[in-house]
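Enquirer: Please find one structure pasted underneath; my questions will follow.
The values are calculated or read from the model by the stated rules, or taken from the named source; none is laboratory data. None of the values given here were measured: they were computed from a predicted structure. Here Cβ is always computed from backbone atoms with ideal geometry, including for glycine, and neighbour counts include all displayed protein chains. Note: accessible area is taken over every heavy atom of the protein model, side chains too, but ligands, DNA and RNA are not part of it. Shrake-Rupley method; radii C 1.70, N 1.55, O 1.52, S 1.80 Å.
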Amino acid sequence: MSDTTSPAPVDTARASEQNALTRFMKATELDTRMLGMLGALAVIWIGFHIMSGGLFLTPRNLWNLSVQSASVSVMATGMVLVIVTRNIDLSVGSVLGVTGMIIAVTQVRILPDYLGLGHPAIWAIAILVGLAVGIAIGALQGFIIAYLQVPAFIVTLGGLLVWRGAAWWVTSGQTVAPMDTTFRLLGGGPEGAIGAQWSWVVGIVACLAVVFFIWNARKQRRRFHFPLRPVWAEGFLAGVACIAILGAVAVANAYPWPAGTVRRYAEVNNITVPEGGLFIPHGIAIPVLIAITVGIVMTFVTTRTRFGRYVFAIGGNPEAASLAGINTRWITMKIFMLMGALAAIGAVISTARLNAATNAQGTLDELLVIAAAVIGGTSLAGGVGTIVGAMIGAVLMQSLATGMILLGVDSPLQNIVVGAVLVVAVWLDTIYRRRVG
């Protein structure tokens, strides 16, 4: 009789591994969709790094990638709320364009006549004007959607055309430049970053904040008798978060100023440049800090305020939310006002980075913003979405664009890839909701 090998030990080992993984995921309470997105981002980065001959995962490219992602990340945080309530905003790119043009005209052509050329308040007033215009546009579109009951798709599609035309009409198609010196710092560049020392300070403060929030969350769980995560799981989460934060700071500090900028800086400050050159790190870029600040504020708004709870209640079941006494129309209008304000902030970053306002500014940004939100886990069916996921989605979309540029891919093919990624993301979301449901 021939001997047969029993597969039981192999099956037992596999079951043990699966059980260990299940226990780990349950203990850490990690979002599987977020992990999948981070895994996809890692694959994209490594793939482009190999295909570009080692050019992608360099401090220079990653620093530029973070700056280029900033404006889309800011707008994606607002798009989460729009999509969560089962609406859509196709006009964000055009709103960015018209508010950017108004900001530029205000600080270049209007305010200097009243305050004098180079007045220190010009750039701040111009930003406030841009924010007011963005909020007003959002209020107008939100009113038509919420109170006149016109579908958001139609209203914002019309807005896409109207505000793009308005941007052209403001200057009859002319480019407005240059911007105020202080204003340009908001767009990044060698001087638009906080340097190595302050970057480490920000990184350490961020790590302390992570530890505090994890500790405070545990304290609140104990207070209300909710299940507690194991101490090792919370230590693991805090450690991974701090490693990621400090690693990002190290990458930002590894990217030095260009040689020409260093030489001019040394001449102005009477610094002798050594033979090997003077290494001055950029540090974290200001637009990245703006995007992170917006992300933190929007996360607080969505998870810790009554407004945020109402938004998700409306997205989950609009009829039930209305019967529960929620003023769904006013909440919807406020969402579009907030979206307009965030588009204006995106216009500030974009205009400052370009040092000019052009009629093409913000073109197709609506595609990137919607794709970032959807890829980040925001469901088009409503009721589901996270701010952090949308911001990671924005980085993923910009990574695709940057990687294809490094590989010399033609612009039309880049649009094809971005559109295909959006379709695949919606398809995967549909499959996920079907399985969960």
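Enquirer: In the chain, what percent of the accessible surface is made up of carbon and sulfur (1.4 Å probe, ligands and nucleic acids excluded)?
Expert: Working: 15160 of 22490 Å².
Ligands and nucleic acids excluded, carbon and sulfur reach 67 percent.
Enquirer: Additional query: Helix-only estimate, please: 222 nm mean residue ellipticity of the chain, summing -39500 (n - 2.57) across DSSP H runs of length 4 or more and dividing by its residues, to the nearest 500.
Expert: Numbers: 18 runs with 317 residues, N = 437.
Rounded to the nearest 500, it is -24500 deg cm²/dmol.
Enquirer: Using the heavy atoms of the protein chains and a 1.4 angstrom probe, tell me the accessible area per residue for region 203-311 in square angstrom. Working shown, then result.
Expert: Working: 6820 Å² over 109 residues.
Normalised by residue count, the accessible surface of region 203-311 is 63 Å².
Enquirer: On the Cα set of region 212-291, report Rg and Dmax in Å, please.
Expert: Looking at region 212-291, its Cα Rg and Dmax stand at 21.4, 64 Å.
Enquirer: Roughly how big is the chain's charge dipole about its Cα centre, with Cβ charges of +1 (Lys, Arg) and -1 (Asp, Glu), in debye to the nearest 20? Let's see the in-between values first.
Expert: Numbers: 26 positive and 17 negative charges, 252 e Å.
For this selection, approximately 1220 debye.
Enquirer: Using alpha carbons only, how many angstrom separate the centre of region 288-302 from the centre of region 83-125?
Expert: So the two Cα centres are separated by 20 Å.
Enquirer: With N set to the residue count of region 355-395, report its C-alpha Rg divided by 2.2 N^0.38 Å to two decimal places.
Expert: Details: Rg = 12.6 Å, N = 41, 2.2 N^0.38 = 9.0 Å.
Ratio of Rg to 2.2 N^0.38 Å for region 355-395: 1.40.
Enquirer: Please state the relative contact order of the chain as a whole percent: Cα pairs under 8 Å, 6+ residues apart? Please report the intermediate quantities before stating the final value.
Expert: Working: 610 pairs, mean separation 142.1, N = 437.
This gives 33 percent for the chain.
Enquirer: To continue, here is another question. Measuring from centroid to centroid over Cα atoms, what is the spacing of region 313-391 and region 47-76 in Å?
Expert: Region 313-391 and region 47-76 have Cα centres separated by 23 Å.
Enquirer: Report the accessible area of Phe226, computed with a 1.4 Å probe over the heavy atoms of all protein chains in place, in Å² rounded to the nearest 10.
Expert: 120 Å²
Enquirer: Which sequence of Met37, Met25 reflects their accessible areas, 1.4 Å probe, from the largest down?
Expert: Working: Met37 15, Met25 45 Å².
Ranking Met37, Met25 by accessible area, largest first, yields Met25, Met37.
Enquirer: Run a plain Debye calculation on region 190-334 (Cα atoms as equal point scatterers, no solvent) and give log10 I(q)/I(0) at q = 0.10, 0.12, 0.13, 0.15 Å⁻¹, rounded to two decimals, same order as the q list.
Expert: At q = 0.10, 0.12, 0.13, 0.15 Å⁻¹ the computed log10 ratios are -0.60, -0.75, -0.82, -0.93.
Enquirer: What number in nm² do you get for the chain if you take the convex hull of its Cα atoms and divide its surface by four?
Expert: Details: hull surface 120.2 nm².
Convex hull of Cα atoms, orientation-averaged projection: 30.1 nm².
Enquirer: In nm², what is the average projected area of the convex hull enclosing the Cα atoms of region 111-208? The partial results should precede the final answer.
Expert: Numbers: hull surface 42.2 nm².
The number I arrive at for region 111-208 is 10.5 nm².
Enquirer: So, one more: Can you give me the orientation-averaged projected area of the convex hull built on the Cα atoms of region 197-244, in nm²? Kindly include the intermediate steps, with their values, before the conclusion.
Expert: Details: hull surface 13.1 nm².
In nm², the orientation-averaged hull projection of region 197-244 is 3.3.
Enquirer: Let me ask another. Please give the net charge around Gly93, taking every other residue with its beta carbon less than 13 angstrom from that of Gly93, where Lys and Arg add +1 and Asp and Glu add -1.
Expert: Details: positive: Arg164; negative: Asp89, Asp365, Glu366.
Its environment carries a net charge of -2.
Enquirer: Restricting the calculation to Cα positions, tell me the Rg (one decimal) and the Dmax (whole number) of region 300-437 in Å.
Expert: For region 300-437, the Cα radius of gyration and maximum Cα-Cα distance read 17.4, 55 Å.
Enquirer: Which helices count as membrane-span-like in the chain under these terms: full DSSP H, at least 27 Å along the axis by C-alpha, Kyte-Doolittle mean of 0.0 or more? It would help to have the intermediate numbers written out before the result.
Expert: Details: long enough: 8-28 (30 Å, -0.46); 32-51 (28 Å, 1.54); 59-84 (35 Å, 1.03); 122-146 (35 Å, 2.36); 152-171 (29 Å, 1.35); 195-223 (41 Å, 0.43); 231-253 (33 Å, 1.83); 328-354 (39 Å, 1.24); 387-406 (29 Å, 1.91); 411-436 (38 Å, 0.91).
Those that clear 27 Å and a mean of 0.0 are 32-51, 59-84, 122-146, 152-171, 195-223, 231-253, 328-354, 387-406, 411-436.
Enquirer: Just the number please: accessible area per residue for region 10-135, 1.4 Å probe, all protein chains included, in Å².
Expert: Values: 5750 Å² over 126 residues.
Ligands and nucleic acids excluded, the figure is 46 Å² per residue.
Enquirer: Let me ask something additional. Could you tell me which residue out of Ala254, Pro287, Ile214 lies farthest along the dipole of region 189-296 toward its positive end? Charges go on the beta carbon: Lys and Arg +1, Asp and Glu -1, centred on the Cα centre.
Expert: The listed residue farthest towards the positive side: Ile214.
Enquirer: Between Ser411, Ser71, Ser379, where does the largest GNM mean-square fluctuation fall for the chain, given springs only between Cα atoms within less than 10 Å?
Expert: Evaluated over the chain, the most mobile residue of the options is Ser411.
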